[in-house]
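See below for the structure under consideration.
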Ligand SMILES: Cc1ncc(COP(=O)(O)O)c(C=O)c1O
């Protein structure tokens, strides 16, 4: 067990915190208590909701007795942002809901094709419902679009691409992804998961949403869970052709929640807030890079709220060793990545705990 020197961790975390938040201090995060466990296994954004979203959440209490019956306001706002009509926008309870329902429904006509490693929660959901998933390995840590094209057969019912990819954080070349989606979607629908879209250096220039505008069977999945800091309020959305939007609504079992809906409306496109959240997340990523370098570990530069790290040791053993020190990380099942762990951005205090625990865990687990 790591015997945490509570004071030293709080001191280093608060030093880091003040350095990190220079210029981007969030009003609701002045004090950061030392957590019992560091939750680096998830990819949330502890920067939290925007000030406008916080006000909207508190202000929606009178609506709590009622269902959200009319989603038009948020669908229209998203549509305006994307230059799309309302019938090309659907809301979902987190993007995972849309991804799971559509993957299962579309995929059952054959199989789903996806890169590996990638975000696979919805693919596992579809598999549990009898849908086959075929994986195409990455090449040089990037989704191999050529190999994915070659792997398409008449039985391929759906192609899934995550950009930037989780867990590698790698972003595809925009023109190559556009060409891939344009060609493939002529015969097979393509889901492009843009969960980390707002973090991209030129987000509007990197999205494949224009293909939805031009009528391609491309489903863009986005979420308010990540950069908007609303994971607990479960609001996501898709941009897609009207029949896909109707398909998703026909599969959806329940309506949106009032607090999530109000918070999403209040925060969408709030540039000032987004700039602060992005600066916070970029600094957290830098902390992880620094910790890796200090410990001689290689890692991939990331465009997401996580960093993929090569520990040089069996990842499952590293996961166990870190858990003994109250640090949770995530391991992805993928051949060729058996020594890699994904470290989520989390809070500076949690990352400071990771910085203290990592060298101990590295000593405890023999190299492969
Ligand atoms: C790539 C990617 N897509 C989708 C999701 C689902 O997020 P949510 O359902 O909260 O929108 C996640 C969450 O980790 C993710 O990493």
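Assuming a ≥ b ≥ c are the square roots of the Cα gyration tensor eigenvalues, decide whether the chain counts as rounded (a/c under 1.5), prolate (otherwise, with a/b larger than b/c) or oblate.
On the way: a/c = 1.94, a/b = 1.23, b/c = 1.58.
It is oblate, given that a/c is not under 1.5 and a/b is not larger than b/c.
Once Rh is set to the Kirkwood radius over Cα pairs, what Stokes-Einstein translational diffusion coefficient, in µm²/s, holds for segment 285-324 at a temperature of 4 °C and a viscosity of 1.567 mPa s? Mind showing how you got there, number by number?
Numbers: Rh = 10.9 Å.
Roughly 119 µm²/s, to the nearest whole number.
In the Gaussian network model of the chain, springs joining C-alpha atoms below 10 Å, which of 141, 303, 170 carries the largest mean-square fluctuation?
The residue that fluctuates most here is 141.
Under the classification rounded if a/c is under 1.5, otherwise prolate if a/b is larger than b/c and oblate if not, where does segment 101-154 fall, given a ≥ b ≥ c as square roots of the Cα gyration tensor eigenvalues? Walk me through the numbers on the way to the answer.
Details: a/c = 2.90, a/b = 1.55, b/c = 1.86.
Oblate, because a/c is 1.5 or more while a/b does not exceed b/c.
Based on the Kirkwood radius over alpha-carbon pairs, what is the Stokes-Einstein translational diffusion coefficient of segment 189-329 at 25 °C with 0.890 mPa s viscosity, in µm²/s? Mind showing how you got there, number by number?
On the way: Rh = 17.7 Å.
Rounded, D is 138 µm²/s.
Kindly give the semi-axes, whole Å and largest first, of the ellipsoid equivalent to segment 130-235, taking each as the square root of 5 times a Cα gyration tensor eigenvalue. Show your work: numbers first, answer last.
Working: eigenvalues 101, 49, 46 Å².
So the three semi-axes of segment 130-235 are 22, 16, 15 Å.
Pairwise over distinct Cα atoms, reciprocal of the mean inverse distance: report the Kirkwood radius of segment 53-267 in Å, one decimal place.
On the way: mean 1/r = 0.0573 Å⁻¹.
Here the Kirkwood hydrodynamic radius works out to 17.5 Å.
At a 10 Å Cβ-Cβ cut-off, how would you order 71, 350, fewest neighbours first?
Values: 71 17, 350 25.
Ordered from fewest to most neighbouring Cβ atoms within 10 Å, 71, 350 come out as 71, 350.
Select from 349, 109, 38 the residue whose mean-square fluctuation is largest in a Gaussian network model of the chain (Cα-Cα springs shorter than 10 Å).
Of 349, 109, 38, the Gaussian network model singles out 109 as fluctuating most.
Select from 265, 61, 42 the residue whose mean-square fluctuation is largest in a Gaussian network model of the chain (Cα-Cα springs shorter than 10 Å).
61
Each reported figure results from applying straightforward, stated rules to the coordinates on display, with no laboratory input. It should be emphasised that the depicted structure is a prediction, and the values quoted were computed from it without experimental measurement. Positions of Cβ are generated from backbone atoms using ideal geometry, with glycine treated the same way; all protein chains shown enter the neighbour counts.
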